Amino acid sequence: MVLEAAGVAGVDKFVADIRKLNNNNVPTARHWFGYASAMTFALIANQEKTTDAVKLAGPWKTSSCPTTSSCSRTRSITARAITS
């Protein structure tokens, strides 16, 4: 997996957990991006104490992904980076 080569923390545990649930198949990029988006949403929702999409839009745009769910251990791409 590319994330293992990038040295992203927690990837070994992620791969092991997905293999247990996925007939011992390795996770795909779709698994990782689903996990990363859900974790980022959870962190921002907990920070803002709401799940209202309109109220979360601003903080989501200005946040950066935690290193535990980003694709790089040094930089993560967010909506801010994409829309700038």
key: Point-to-point label distance, LEU43-ASN22, nm (Cα→Cβ direction, 7 Å offset)   = 2.1
task = Check the straight Cα-Cα distances from LYS61 and name the lysines below 19 Å, setting aside those fewer than 8 residues away within the same chain.
result = LYS49
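We did not get these values from a lab; they are worked out from the coordinates using the rules stated. All values reported here derive from a predicted model rather than from experimental measurement. All Cβ positions, even for glycine, are placed from backbone atoms using ideal geometry, and neighbour counts span all protein chains on display.
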